[in-house]
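What follows is a set of notes on a single structure, which appears directly below.
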Amino acid sequence: MPFVIAAPCVADYSCVEVCPVNCISPRPDQPGFEKTEQLYINPSLCIHCEACVEACPVGAIFEAKALPKKWKDYARINAEYFERVEE
Ligand code: SF4
Ligand code: SF4
């Protein structure tokens, strides 16, 4: 199960710095970096290492199956971000 970034994200990029496979976007060198309100994890690339979970200062990252009910939609929201940027 991939990890998912949910609503509390404040886009501080702490998780980007620790992710070993660069599957969190947008990064500073990518389109949309300036305007984004949150970051997203690519479910196809995440290797479930959990490094990002400890790095996040606001507890915004959850395993997809453990997402709090009110943020269940964020598994889809994270995946759809990459469908949009890869079009
Ligand atoms: S669980 Fe690991 S691979 Fe997946 S987004 Fe977090 S740091 Fe990256
Ligand atoms: S560390 Fe947490 S708050 Fe910061 S960008 Fe990643 S998910 Fe968002």
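Take every pair of alpha-carbon atoms less than 8 Å apart whose residues are at least six positions apart; their mean separation over the length of region 1-66 yields a relative contact order of 52 percent. Taking the accessible area of the chain, probe 1.4 Å, and keeping the other protein chains in place, the carbon and sulfur fraction comes to 51%.
Note on region 3-85: with charges restricted to the Cβ of Lys and Arg (+1) and Asp and Glu (-1), its dipole about the Cα centre is near 360 debye. When the chain is described by a simple charge dipole with +1 on each Lys and Arg Cβ and -1 on each Asp and Glu Cβ, the residue from A11, P68, Y81 located farthest towards its positive end is P68. For the pair region 6-49 / region 60-85, the C-alpha centres are spaced 12 Å from each other.
PRE reach from D73 (point 7 Å along Cα→Cβ): which of region 1-40 fall under 12 Å by backbone N? From region 1-40, the list is 7.
Every helix of 4 or more DSSP H residues in the chain counts as -39500 (n - 2.57), and over all residues that averages to -6500 deg cm²/dmol at 222 nm.
For the chain, the gyration tensor built on C-alpha atoms gives a rounded shape. Its axis ratio a/c (a ≥ b ≥ c) stays under 1.5. Modelled spin-label separation between N22 and L45, with each label point placed 7 Å from Cα along the Cα-to-Cβ direction: 0.7 nm.
The values are calculated or read from the model by the stated rules, or taken from the named source; none is laboratory data. Please read all numbers here as calculations on a predicted model, not as lab measurements. For neighbour counting, all protein chains shown are included, and Cβ atoms are generated from backbone atoms with ideal geometry for every residue, glycine included. When the accessible area is computed, the model is the full protein with side chains, heavy atoms only, and any ligands, DNA or RNA have been set aside. Shrake-Rupley method; radii C 1.70, N 1.55, O 1.52, S 1.80 Å.
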